[in-house]
Amino acid sequence: MTRMPTYFISHGGGPWPWIPSMRSELAPLEQSLSAIPSELPERPKAILMVSGHWEGADYAVMHAPKPPMVYDYSGFPPETYDIVYPADGAPDLAEKTAQLIADAGLPTSLDDRQGFDHGTFVPAYLMYPDADVPLFQVSMRAHYDPAEHFALGRALSPLRDEGVVIIGSGLSYHNLRLFGPSAKEPSHAFDTWLTQTLDTPPQARTKSLIDWESAPHARTCHKQEDHLVPLFVALGAGEDGAATKTYYQEGIFGGVTASSWRFN
């Protein structure tokens with residue numbers, strides 16, 4: 001099989017594809033996510049998603065053959081709590097994934113109960129609306145340590161040669177208390193720094209991202225870095241690859257700038 005790229009995607013807000021006004025506002029994001037299958041060298045054997053909405057004490061690996069749904073959002077229309085994305089899990093790949101993580105000296109476990117959160121089923125639906133590609137997740141660790149999550153990505157990297165596309169699903173800006181015009185300056189400045197950083201050579205790029213808190217407005221854009229950490233995993237898995245921006249949008253929710261990247 002041809003080696004798969006990795007991605008860091010901004011996944012939008014809640015169940016936005018099922019909310020007409022949000023879907024219209026995020027049309028460029030939908031276009032970028034829908035384009036991912038055409039960017040891959042071949043149809044993937046599976047999608048491995050690291051979502052900003054699943055964390056724990058170790059790097060848990062989703063192991064269920066038919067994962068359930070997790071509606072981890074609130075305040076949306078009742079019908080959005082009936083959404084089902086019926087993709088198969090990938091138990092055999094999950095077991096191999098857990099072994100790769102353990103071989104890297106990182107704590108891991110298999111989780112037979114965890115379901116697809118919206119950071120996973122939303123982009124997967126836009127990529128493969130027929131839910132016909134197996135899908136599974138690996139959790140973050142709740143300490144969010146950048147260097148260790150880069151190490152997780154490196155541990156996962158061999159899966160790319162087995163037809164698995166690794167996607168870090170978060171947001172390049174995630175401050176739920178700061179939307180509108182007040183978000184414009186910090187989100188744009190941080191996005192500019194992120195773009196410039198990802199364009200540098202791999203070793204310097206990794207070092208800068210491990211020290212991400214030194215970036216302009218870093219803690220304004222990410223009061224809690226759960227939505228940035230998936231970038232470290234995706235880039236660790238594609239550490240030597242060139243970065244290509246696949247999505248860029250300004251003025252979201254009245255002021256937010258957000259981006260996505262592919263590494264290959």
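Whenever a residue of segment 56-83 is farther than 22 Å from VAL233 by Cα and in a helix (DSSP H, G or I), its partners that are among the hydrophobic types (A, V, I, L, M, F, W, C) and modelled with pLDDT of 95 or more, lying with C-beta atoms within less than 6 angstrom and at least six residues away or across chains, give the pairs THR80/TRP18. Take ILE252 and tell me if it is surrounded by fewer than 23 Cβ atoms within 10 Å (Cβ to Cβ), within 22 Å of GLY56 (Cα to Cα), among the hydrophobic types (A, V, I, L, M, F, W, C) and touching a residue at least 40 places away in the same chain (Cβ under 8 Å). Answer is no for this residue.
Among the residues of segment 55-82, those that are of a type in the set (Gly, Ala, Ser) and more than 27 Å from ALA155 (Cα to Cα) comprise SER74, GLY75. The listed residues are THR195, THR220, and the only one of them that is among the hydroxyl-bearing types (Ser, Thr, Tyr), surrounded by fewer than 18 Cβ atoms within 10 Å (Cβ to Cβ) and in contact with a helix residue (DSSP H, G or I) (Cβ under 8 Å, 6 or more places away or on another chain) turns out to be THR220. Among the residues making up segment 55-92, those that are among the charged types (D, E, K, R) and in contact with a helix residue (DSSP H, G or I) (Cβ under 9 Å, 6 or more places away or on another chain) are GLU55, ASP58, ASP72, GLU79.
With respect to the conditions (1) in contact with a Gly (Cβ under 9 Å, 6 or more places away or on another chain); (2) surrounded by fewer than 23 Cβ atoms within 10 Å (Cβ to Cβ), PHE8 falls short on a single one, namely (2). If you go through segment 84-113 and pick out every residue that is in a loop (DSSP other than H, G, I, E, B) and either in contact with an Asp or Glu (Cβ under 6 Å, 6 or more places away or on another chain) or among the β-branched types (Val, Ile, Thr) (or both), you end up with 2. For segment 37-55, a residue qualifies if it is acidic (Asp, Glu) and either farther than 15 Å from GLY163 by Cβ or assigned to a helix (DSSP H, G or I) (or both), and the qualifying residues are GLU39, GLU55.
The values are calculated or read from the model by the stated rules, or taken from the named source; none is laboratory data. All values reported here derive from a predicted model rather than from experimental measurement. For neighbour counting, all protein chains shown are included, and Cβ atoms are generated from backbone atoms with ideal geometry for every residue, glycine included.
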